[in-house]
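The block underneath contains the structure these notes are about, expressed in C-alpha cells.
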Amino acid sequence: MKKALSFALSALMTLTMVGCGAGSSKKSDSDFQYITDKGKMIVGITDYAPMDYKDDDGNWTGFDAEFAQAVGKKMGVDVEFMEINWDNKFLELNAKSIDCVWNGMTITEEVTKNTSCSKAYVKNEQVVVMKSDKISSFKDAESMKTLKFCAESGSAGESAAKDAGFDVTAVSAQSDALMEVASGSVDACVIDGTMAAAMTGEGTSYTDLASSIVLTTEEYGVGFRKDSDMTEKFNTYMDELKADGTLTDLAEKYELSLAD
C-alpha cells in the first residue's frame, strides 16, 4: 500500500512538473512576452543618418529611432539602442543581444532567410557617391569600373557594388565609406540614397561630395528572430502609426518616402 501511494505521489509530481515546464516553454516561445517581461526592447543599429544618429546631447535620434520609440510606447516598454557591427547583425539577433535589427535594413533574400522580416516601411536606393567635380566624367556604371570603391561590409551597397563589377573594399560603416571618399583614399562609395541625401552637399559635413548614379532600388524592413510573434505585432503597430499620421510626419521631417 505504501509503495502504491508512493508511486501515485511520484506520478502526480512528475505530471505537475511537466505541466509547469510546458507552460514555461510556451511563454518563452513568445518574443513579445519576452520583451514585455523585461520591460525593454533592444534595437540593433549603426550610426546612419537620417535613420539613426546622435543629436548634440549624445542621444540617438532619426527616423528609425523615433519610429522605434513610438512602437515601444505602444508596447509599454523602454527602447534601448545598441550600436552593432552590421556584419554580425544576425548573430547578435539570435544570441538575444538585441531584439531586432532596425536601421534602414534593405529587405533582401539574405534578410528574409535569417530573420522574420516586417512589411516594408520606407523606399530607398543604392547610389554612387563621389567628389562632386568628378560626377560629370562618369555617366554610368560601366564607365566607373576603373575606379576604387568602398562600401559597408555586409550591406546592400556592398552587394550592389559587387554586382556592378566594381573594385570594392569593405569598411565598417556607411559613415566610414563617406570619410574614405572625402579623404581621397577611394574614388567613390556605394551607400543608401537616404544617407547620401542627408550627409552630402550644401549644409552638410561633406559639401564637396554628391550622389551620382542609382544602382538599385529597394525597401527597408525590420528584422526579428525567425518565427517571432513580434513581426505580426510590429506590422499592426506600423499600420496604426500610418493611420494616425505619425509615420507621415516622420517621413516629412526626415525627407523620406514611405513604402506603399
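Annotations for the structure displayed:
- Net dipole in debye of the stretch 85-207 [+1 Lys, Arg Cβ; -1 Asp, Glu Cβ; about Cα centre; nearest 20]: 160
- With Cα atoms defining each centre, the stretch 75-143 and the stretch 183-230 are spaced 9 Å apart in the structure.
- For the stretch 118-193, the direction-averaged projected area of the alpha-carbon convex hull comes to 5.4 nm².
- Accessible area in square angstrom per residue, the chain, 1.4 angstrom probe: 51
- Rounded FRET efficiency, nearest 0.05, which uses the C-beta distance separating D55 from K119 and R0 of 30 Å: 0.60
- Helix 63-75 and the longest principal axis of the C-alpha atoms of the chain enclose an angle of approximately 20°.
- Of all beta bridges that DSSP places with both ends in the chain, some 60 percent have antiparallel geometry.
- J(HN,Hα) series, the stretch 81-90, from Karplus relation 6.51 cos²θ - 1.76 cosθ + 1.60, nearest Hz, glycine and proline x: 9, 10, 6, 10, 6, 4, 5, 9, 4, 6
- When the Cα positions of S183, S116, N94 are compared along the charge dipole of the stretch 63-222, S116 comes out farthest toward the positive end, with charges on each C-beta of Lys, Arg, Asp and Glu.
- Extension gain (nm, one decimal) between K139 and K38, 0.36 nm per residue minus Cα-Cα: 31.1 nm
- Cα-only Debye scattering, the chain: base-10 log of I(q)/I(0) at q = 0.10 Å⁻¹: -0.55
- ³J(HN,Hα), Karplus 6.51/-1.76/1.60, whole Hz, each residue of the stretch 142-147, x for Gly, Pro: 4, 6, 9, 5, 8, 8
- Taking amide H atoms as placed 1.01 Å from N in the peptide plane, the amide H of C150 lies under 5 Å from those of T169, A188, C189, V190, each 5 or more residues away in sequence or on another chain.
- Under-5 Å amide H pairs with E80, H placed in peptide plane, nonlocal only: M41, I42, V43
- Amide H partners (placed H, <5 Å) of T61, local residues excluded: Y53, K54, D55
- Alpha-carbon Rg with Dmax, taken over the stretch 167-260, Å: 17.0, 46
- Across all directions, the average projected area of the convex hull around the alpha carbons of the stretch 210-260 is 5.2 nm².
- Förster-model FRET efficiency, 51 Å R0, D29 and T248, C-beta, rounded to 0.05: 0.90
- Axis of helix 2-28 versus longest Cα principal axis of the chain: the two differ by about 20°, to the nearest ten degrees.
- C-alpha long axis of helix 174-183 to longest principal axis of the chain, angle in °: 20
- Only helical runs count toward this figure. For the chain, summing -39,500 (n - 2.57) over DSSP H runs of n ≥ 4 and dividing by all residues gives -12500 deg cm²/dmol at 222 nm.
The values are calculated or read from the model by the stated rules, or taken from the named source; none is laboratory data. Computed from a predicted structure; not experimentally measured. Please note: Cβ atoms are built from the backbone with ideal geometry, for glycine as well, and neighbour counts cover all protein chains shown. Areas reflect the complete protein model, heavy atoms only, side chains present, ligands, DNA and RNA absent. Shrake-Rupley method; radii C 1.70, N 1.55, O 1.52, S 1.80 Å.
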